[in-house]
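Chemist: Sharing a structure, written as structure tokens. Questions coming.
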Amino acid sequence: MKKIEKRNKTILIDDNDREIFEPKLIKLPYDGELINKIINQDFFEAIKYLPDSFVDLLFVDPPYNLTKNFHSHTFNKKSYEEYKDWCESWISKIIRILKSTSSIYICSEWQTSPIVYDVIKKYFIIRNRITFEREKGRGAKQNWKNNCEDIYFCTMSNKYTFNIENVKIKRRVIAPYKENGVPKDWFIENNEKFRLTYPSNIWTDITIPFWSMRENTSHPTQKPEKLLARIILASSNEGDLVFDPFAGSGTTAVVAKKLKRKFLAIEIEKEYCFYTYKRLLMAEEDKRIQGYENGYFYDRNCKKSF
Ligand SMILES: C[S@@+](CC[C@H](N)C(=O)[O-])C[C@H]1O[C@@H](n2cnc3c(N)ncnc32)[C@H](O)[C@@H]1O
């Protein structure tokens with residue numbers, strides 16, 4: 001039998017979980033309310049049944065233009081034009097369910113992002129491209145290690161939610177400058193010097209989930225809860241609806257729940273939906289988000305992980 005490292009906190013699913021969560025999964029058309037639900041269906045089938053103009057915040061983490069295995073299916077790398085057509089096929093269908101005040105975040109990486117840009121420029125006001133450092137994996141021998149991902153931040157109009165005060169980063173001060181003997185923009189807390197800063201479009205404080213983190217699952221491209229927390233806090237308000245059409249292990253839904261937003265998510269792989277439900281169940285008891293505490297984000301490894 002495989003020995004599991006004692007500190008390994010990876011979330012596991014067993015047959016008992018599968019039996020409990022199976023009845024919770026829904027397929028569309030569905031008679032009940034489409035709030036706080038995980039739809040286990042192909043996006044292209046489910047989208048037909050979603051109402052008009054109901055999404056406040058859209059977070060999309062689609063399969064990138066790389067060959068990647070997602071449990072029982074593989075997404076195959078396509079030509080530029082083929083991937084563009086594929087993006088066009090889901091983005092064009094999503095427009096109908098957005099509001100004029102919706103914010104939109106779409107993930108990509110350096111090879112995928114020019115193609116995504118080519119499509120979204122037709123539909124949205126593109127406001128920024130966030131790049132986050134994904135510190136994971138070993139270096140490559142014949143190339144620079146691929147260490148970042150991009151997220152386009154878009155809106156439907158000039159009227160949108162942006163709560164920058166809610167996403168400040170609490171940083172340790174390395175060179176504490178004083179003016180007339182008074183700390184300039186920093187303070188002391190528990191004998192440590194901190195400064196509060198507003199996040200830029202380069203995020204270097206994000207940790208990709210790994211085995212000793214409580215949010216970790218075996219999903220191959222799971223996004224960190226801290227990343228979603230920053231996006232959800234900045235671009236939605238409590239009670240707003242956050243929609244994720246390619247939900248994977250459910251990070252968007254879980255963080256939306258922890259931050260008192262409503263959610264709706266679609267994922268084609270049943271096993272990943274089970275992960276989501278297990279994480280949602282865990283979130284009933286524990287609403288902590290690693291790296292975000294008492295209303296502030298912390299630099300990577302600044303706070304002891306829990
Ligand atoms: C990049 S992953 C999303 C990861 C997710 N953000 C997380 O934190 O776990 C993309 C997901 O899209 C799902 N997917 C691919 N094609 C789909 C489709 N047509 N309908 C619904 N889900 C799909 C895959 O199974 C995969 O889990």
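The values are calculated or read from the model by the stated rules, or taken from the named source; none is laboratory data. As the structure is a prediction and not an experimental result, all values here were calculated from the model. Reconstructed Cβ throughout: ideal geometry from the backbone, glycine too, with neighbour counts over all protein chains shown.
Chemist: From the list 265, 283, which residue is crowded, with 19+ Cβ neighbours inside 10 Å, in contact with a Ser or Thr (Cβ under 8 Å, 6 or more places away or on another chain) and on the phi < 0 side of the Ramachandran plot?
Modeler: Unique residue meeting the criteria: 265.
Chemist: Working only within the range 193-206, note down all residues that are assigned to a loop (DSSP other than H, G, I, E, B) and either touching a residue at least 12 places away in the same chain (Cβ under 8 Å) or farther than 20 Å from residue 300 by Cβ (or both).
Modeler: Pass one, the range 193-206, residues assigned to a loop (DSSP other than H, G, I, E, B): 198-201, 204-206.
Within the range 193-206, 198, 199, 201, 204, 205, 206 meet the criteria.
Chemist: How many residues are under 17 Å from the mean Cα position of the chain (by Cα) and either without any contact (Cβ under 8 Å) to a residue 24 or more places away in the chain or buried (at least 16 other Cβ atoms within 10 Å of the Cβ) (or both) if we restrict to the range 117-134? Please lay out each step first, then the result.
Modeler: Of the residues in the range 117-134, the ones under 17 Å from the mean Cα position of the chain (by Cα) are 128-134.
Among the residues that remain, those that are also either without any contact (Cβ under 8 Å) to a residue 24 or more places away in the chain or buried (at least 16 other Cβ atoms within 10 Å of the Cβ) (or both) are: 129-134.
Number of matching residues: 6.
Chemist: If residue 9 meets every condition in (1) within 21 Å of the chain's Cα centre (by Cα); (2) charged (D, E, K, R); (3) not in a loop (DSSP other than H, G, I, E, B) apart from one, which number is that one?
Modeler: Here residue 9 meets the rest and fails (3).
Chemist: Take the residues in the range 286-306 that are in contact with a helix residue (DSSP H, G or I) (Cβ under 7 Å, 6 or more places away or on another chain), of a type outside the set (Gly, Ala, Ser) and part of a loop (DSSP other than H, G, I, E, B); name whichever of them is surrounded by the fewest Cβ atoms within 10 Å (Cβ to Cβ). I'd like the intermediate steps shown before the answer.
Modeler: Going residue by residue through the range 286-306, those that are in contact with a helix residue (DSSP H, G or I) (Cβ under 7 Å, 6 or more places away or on another chain) are 287, 289-292, 297.
Restricting the remaining residues to those that are of a type outside the set (Gly, Ala, Ser) gives 287, 289-290, 292, 297.
Applying the additional criterion that residues be part of a loop (DSSP other than H, G, I, E, B) yields 287, 290.
Details: 287: 13, 290: 18.
Top of the filtered list is 287.
Chemist: When the residues of the range 48-88 are narrowed to those that are in contact (Cβ under 8 Å) with a residue 24 or more places away in the chain and among the hydroxyl-bearing types (Ser, Thr, Tyr), which ends up farthest from the ligand (Cβ to nearest atom)?
Modeler: 53
Chemist: Of (1) exposed (fewer than 13 other Cβ atoms within 10 Å of the Cβ); (2) within 13 Å of the ligand (Cβ to nearest atom); (3) over 21 Å from the mean Cα position of the chain (by Cα), residue 45 satisfies all except one. Which?
Modeler: (1)
Chemist: So which of 264, 281, 227 ends up being closer than 24 Å to residue 13 by Cβ and either in a loop (DSSP other than H, G, I, E, B) or within 12 Å of the ligand (Cβ to nearest atom) (or both)? Show your work before the answer.
Modeler: Working: 264 fails: either in a loop (DSSP other than H, G, I, E, B) or within 12 Å of the ligand (Cβ to nearest atom) (or both); 281 fails: either in a loop (DSSP other than H, G, I, E, B) or within 12 Å of the ligand (Cβ to nearest atom) (or both).
After applying the criteria, what remains is 227.
Chemist: Another question, then. State whether one or more residues within the range 230-250 are among the β-branched types (Val, Ile, Thr), over 22 Å from residue 6 (Cα atoms) and either over 14 Å from the mean Cα position of the chain (by Cα) or buried (at least 23 other Cβ atoms within 10 Å of the Cβ) (or both).
Modeler: At the first step, the residues of the range 230-250 found to be among the β-branched types (Val, Ile, Thr) are 231-232, 242.
Still in the running and over 22 Å from residue 6 (Cα atoms): 231-232, 242.
From the residues that got through so far, the ones that are either over 14 Å from the mean Cα position of the chain (by Cα) or buried (at least 23 other Cβ atoms within 10 Å of the Cβ) (or both) too are 232, 242.
There is at least one residue in the range 230-250 that is among the β-branched types (Val, Ile, Thr), over 22 Å from residue 6 (Cα atoms) and either over 14 Å from the mean Cα position of the chain (by Cα) or buried (at least 23 other Cβ atoms within 10 Å of the Cβ) (or both).
Chemist: What is the number of the single condition among (1) more than 14 Å from the ligand (Cβ to nearest atom); (2) over 17 Å from the mean Cα position of the chain (by Cα) that residue 274 does not meet?
Modeler: Looking at each condition in turn, residue 274 falls short on (1).
Chemist: For the range 171-192, indicate whether the set of residues that are assigned to a strand (DSSP E or B), under 23 Å from the mean Cα position of the chain (by Cα) and surrounded by 15 or more Cβ atoms within 10 Å (Cβ to Cβ) is non-empty. Step through it out loud before you land on a result.
Modeler: Within the range 171-192, the first condition is being assigned to a strand (DSSP E or B), and the residues that meet it are 171-172, 178-179, 182-183, 187-189, 192.
Narrowing further to those that are under 23 Å from the mean Cα position of the chain (by Cα): 171.
In the following step, the residues that additionally are surrounded by 15 or more Cβ atoms within 10 Å (Cβ to Cβ) were identified as 171.
Yes, because at least one residue in the range 171-192 is assigned to a strand (DSSP E or B), under 23 Å from the mean Cα position of the chain (by Cα) and surrounded by 15 or more Cβ atoms within 10 Å (Cβ to Cβ).
Chemist: Oh, and also: So, residue 209, is that one under 17 Å from residue 153 (Cα atoms), more than 11 Å from the chain's Cα centre (by Cα) and either buried (at least 21 other Cβ atoms within 10 Å of the Cβ) or in contact (Cβ under 8 Å) with a residue 12 or more places away in the chain (or both) or not?
Modeler: Numbers: under 17 Å from residue 153 (Cα atoms): no; more than 11 Å from the chain's Cα centre (by Cα): yes; either buried (at least 21 other Cβ atoms within 10 Å of the Cβ) or in contact (Cβ under 8 Å) with a residue 12 or more places away in the chain (or both): yes.
The answer is no for residue 209.
Chemist: Continuing with the same structure: Does the range 109-118 contain at least one residue that is over 23 Å from residue 221 (Cα atoms) and at pLDDT 95 or above? Show your work before the answer.
Modeler: Going through the range 109-118, the residues over 23 Å from residue 221 (Cα atoms) turn out to be 118.
Narrowing the set further to residues that are at pLDDT 95 or above leaves 118.
There is at least one residue in the range 109-118 that is over 23 Å from residue 221 (Cα atoms) and at pLDDT 95 or above.
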